Amino acid sequence: MKKDLITVILDQQELQVEKGTLVGDLAAIIPEAEGAVVARVNNDIMGYQFPLLEDCRVQFLNTNSEDGMRAYRASLVFLFVRAALEVLPGCTVHIKHSLNNGLYGEIDYSQPVIEKDVRAIEERMRELVDEDIPFERRTVPVAEAREIYAKQGFADKIRLLEQYNGGEVTLYNFGWFHDYLSTVLVASTGVLQHFKLRYYLPGFILEYPRRAHPSQIQEYVEQGKLFNVFFKAERWQRNISIPDVASLNDCIRRGGFGDLVRVSEAYHENQIRDIAQQISKERDRLRIILIAGPSSSGKTTFAQRLSVQLRVEGLWPVAIGLDDYFVDREHTPLDEDGNADFEALEAIDIELFNEHLTKLIQGEEVHIPTFDFVTGTRKWNGKKLQVRPDQPIIIEGIHGLNDKLTASIPKGRKFKIYVSALTNLNLDHHTRISTTDVRMLRRLIRDNQFRGHDAKATIERWPSVRRGEHRHIFPFQEDADVMFNSTLVYELAVLKPLAQELLEEITPADPQYSEARRLLRFLSHFYAVSDWDDIPCNSILQEFIGGSCFE
């Protein structure tokens with residue numbers, strides 16, 4: 001009997017393999033696959049458990065790629081949950097959010113979990129790694145998935161399945177344990193050699209390598225302020241009974257969206273008011289307000305709303321744009337690829353900027369430059385500025401938390417604010433929603449609405465954006481005086497229809513296809529809301545969907 005064959009192209013090599021060959025079986029005969037954990041197959045990401053069903057181009061990826069590291073992290077969670085259930089039978093594991101170079105979570109058990117329990121879980125994880133158990137993938141009817149989840153005590157996953165429209169779902173298992181974490185997994189537990197489990201009262205941190213050093217666990221750095229922001233977000237979501245996506249969907253289905261919007265926006269306004277009052281109490285001391293945060297965090301709207309609240313307190317802030325202090329383009333530093341690096345601190349004329357700040361604080365009038373982006377040079381158009389004692393200076397920019405930007409200003413005269421969309425909403429107990437994904441969806445919509453970019457362009461640019469954040473923002477976030485969490489618990493229901501339309505334009509022929517598919521799978525869990533009448537015009541969300549009164 002003649003076998004059905006398909007053609008597989010790897011770089012310049014072409015192979016004939018039997019239709020249905022698993023990605024992992026192909027990897028076993030390809031030297032280039034050594035060290036790889038997943039594969040890109042015709043612009044889609046597949047684990048080693050996937051069959052090859054048509055002619056395709058295959059590229060194997062290791063953990064120094066984003067897709068490879070994503071699969072590694074998800075597989076570590078899978079491993080951790082099984083080990084925890086075996087060490088602490090009947091426990092419930094909650095994977096909550098990222099923290100430093102790991103994932104923070106907690107374990108509900110019949111008694112408080114202590115450091116000894118976490119050490120025992122780590123020991124069991126390493127035993128399972130040594131056993132090199134395959135991660136298996138299969139598609140099962142929804143009814144069967146419910147039975148499996150019920151047997152394992154996963155009521156949260158059953159609730160999510162009740163809102164699922166399909167007839168079948170994909171599950172992974174290794175041994176007796178079944179789960180699904182919205183991404184592909186590595187081939188087996190034996191791949192997961194590099195991790196560390198840390199007790200972090202009252203929970204744990206599951207540490208994993210970074211892409212730059214995929215075989216090392218980096219030194220742990222405490223992030224107490226960031227942890228506190230996540231803690232407050234979780235507590236607030238419990239108060240409004242929206243701990244996960246299933247709860248959000250139920251709220252929308254019951255007609256509670258408008259009320260949820262009003263409560264969420266009031267919560268934001270209260271936080272912004274509190275920050276303004278904090279600044280007002282120190283008005284004689286604080287002259288510079290610095291605002292920084294990663295891309296699509298809503299910094300622009302936050303700065304405008306803070307200005308309004310400061311005026312309520314009798315302060316009349318003025319804003320200075322960092323872009324106007326760019327050095328002439330011929331002096332812009334170059335990045336590792338030889339391109340102009342406009343995100344580098346050295347792209348700003350630090351000396352002139354500090355000279356102007358010191359004069360302004362002392363009441364002197366200064367001539368403010370304007371940067372001409374067409375010619376790449378600084379212009380002097382006669383723009384002048386002088387500030388009164390009741391006019392704090394607001395500076396928003398990527399380097400705001402780095403003291404080198406304002407080196408001439410004593411720390412006691414500055415107030416630093418870190419803004420980011422630190423979502424604490426989870427799909428289920430084991431599947432967190434990445435804050436990075438929320439920001440990317442915001443940016444994807446904004447870029448299309450206001451900058452004329454399609455989804456492909458935004459996705460292509462995103463890795464470069466992320467590199468800049470890791471280099472210039474995240475190392476300084478704990479230096480902030482306050483952190484403002486710009487996430488809105490209802491926002492993904494609003495972003496879904498807008499993002500979905502843009503992502504569906506990306507075809508299998510596009511390199512961005514795998515990322516588009518991943519985001520579409522993620523968004524499929526949300527009920528969509530297209531009536532925005534309840535969203536106020538000063539909402540941070542309006543910065544991305546359009547309709548902001550600050551435009």
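Quick notes on this one:
- If you check Arg451, Arg442 for being under 17 Å from the mean Cα position of the chain (by Cα) and either more than 30 Å from Gly153 (Cα to Cα) or among the charged types (D, E, K, R) (or both), only one passes: Arg442.
- Flag for Gly190 being assigned to a helix (DSSP H, G or I), over 23 Å from the mean Cα position of the chain (by Cα) and over 27 Å from Tyr490 (Cβ atoms): yes
- Apart from one condition, Gly255 fits all of (1) farther than 30 Å from Ala407 by Cβ; (2) crowded, with 16+ Cβ neighbours inside 10 Å; the exception is (2).
- Residue match in region 188-201 (condition: touching a His at 6+ places or on another chain (Cβ under 7 Å) and surrounded by 14 or more Cβ atoms within 10 Å (Cβ to Cβ)): no
- Applying the criterion of being touching a helix residue (DSSP H, G or I) at 6+ places or on another chain (Cβ under 6 Å) and assigned to a helix (DSSP H, G or I) to the residues of region 121-141, the residue that is surrounded by the fewest Cβ atoms within 10 Å (Cβ to Cβ) is Arg124.
Listed here are the residues, each with its yes/no results for (1) assigned to a helix (DSSP H, G or I); (2) exposed (fewer than 15 other Cβ atoms within 10 Å of the Cβ).
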residue: Ser247; (1), (2): yes, no
residue: Gln271; (1), (2): yes, no
residue: Arg285; (1), (2): no, yes
residue: Pro294; (1), (2): no, no
residue: Val308; (1), (2): yes, no
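- For region 351-448, the strands (runs of 3 or more DSSP E) that sit wholly inside it and include 2 or more residues that are hydroxyl-bearing (Ser, Thr, Tyr) are 414-420.
- Matching residues, region 491-512, being charged (D, E, K, R) and either part of a helix (DSSP H, G or I) or closer than 30 Å to Ile240 by Cα (or both): Glu491, Lys496, Glu501
- Matching residues, region 455-490, being at pLDDT 95 or above and not in a helix (DSSP H, G or I): Ala480, Asp481, Val482, Met483, Phe484, Asn485, Ser486, Thr487, Leu488, Val489, Tyr490
- For region 33-44, the criterion of a residue being touching a residue at least 12 places away in the same chain (Cβ under 8 Å), surrounded by 20 or more Cβ atoms within 10 Å (Cβ to Cβ) and at positive phi is satisfied by at least one position.
- Residue in region 151-163 that is outside the structural domain of Arg432 (by TED's automatic domain parsing) and more than 21 Å from Asn426 (Cα to Cα) present: yes
- Any pair with Cβ under 6 angstrom, 6 or more apart, that starts in region 234-250 at a residue that is closer than 23 Å to Ser530 by Cα and ends at one that is in a helix (DSSP H, G or I) and charged (D, E, K, R): Ala246/Arg159
- Taken over region 1-26, the criterion of being within 12 Å of Leu52 (Cα to Cα) and not in a strand (DSSP E or B) is satisfied by Asp4, Lys19, Gly20, Thr21, Val23, Gly24, Asp25, Leu26.
- Scanning region 92-120 for residues that are assigned to a loop (DSSP other than H, G, I, E, B) and either touching a Gly at 6+ places or on another chain (Cβ under 8 Å) or under 21 Å from Phe231 (Cβ atoms) (or both) turns up Asn100, Asn101, Tyr109, Ser110, Pro112, Val113, Ile114.
- Scanning region 452-497 for residues that are aliphatic (A, V, I, L, M), over 23 Å from Leu405 (Cβ atoms) and crowded, with 20+ Cβ neighbours inside 10 Å yields Ala455, Ile459, Leu488, Val489, Leu492, Ala493, Val494, Leu495.
The values are calculated or read from the model by the stated rules, or taken from the named source; none is laboratory data. Just so it is clear, the model here is predicted, and its values are computed rather than measured. Neighbour counts run over all protein chains shown; Cβ positions are idealised from the backbone, glycine included.
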